[in-house]
Amino acid sequence: MQQLRGLYYDTAGTAFPRQVPALLNLAEPERVLFGSDYCWTPPALADAHIAAVDAAESPAEGVTWRSLTTANAKRLFPGGSR
């Protein structure tokens, strides 16, 4: 379980409203990243996934899932920011 808690988790696909809350029983929010699987997912469905992320209950006060997953990715890949 400790090794699983140390991994990063990608939320590609329909991660809200059920999967991410279940994942948070295992991993800290700082280990969750956003992935759209865009090249294999039709644009309209990728947009729906993004809308679900934006509509999800905030992981902490003053933080959205979009801001949290962006910060997590920037921390994990510091040279990848545009």
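The values are calculated or read from the model by the stated rules, or taken from the named source; none is laboratory data. These numbers come from a predicted model, not from an experiment. Here Cβ is always computed from backbone atoms with ideal geometry, including for glycine, and neighbour counts include all displayed protein chains. With ligands, DNA and RNA removed, areas are computed over all heavy atoms of the protein, side chains included. Shrake-Rupley method; radii C 1.70, N 1.55, O 1.52, S 1.80 Å.
Descriptive notes on the structure:
- Of all accessible heavy-atom area on the chain, the percent that carbon and sulfur account for (1.4 Å): 57
- Residue-by-residue Karplus 3J(HN,Hα) for the stretch 45-55, coefficients 6.51, -1.76, 1.60, Hz, glycine and proline x: 6, 4, 4, 5, 5, 4, 4, 5, 4, 5, 8
- For Leu33, distant residues with modelled amide H under 5 Å away: Tyr9, Asp10, Thr11
- Label assignment, mean projected area of the Cα convex hull in nm² derived from the structure, set [x] 8.6; [y] 9.5; [z] 6.1: [z]
- Label sites at Met1 and Ala44, each approximated as a point 7 angstrom past Cα along Cα to Cβ, lie 4.4 nm apart.
- Inter-part distance where the stretch 2-16 and the stretch 62-79 are each reduced to a Cα centre, Å: 14
- Within the stretch 1-17, backbone nitrogen closer than 11 Å to the virtual label 7 Å beyond the Cα of Asn25 toward Cβ: none
- Solvent-accessible area per residue, Å², over the stretch 23-82 with all protein chains present [probe radius 1.4 Å]: 70
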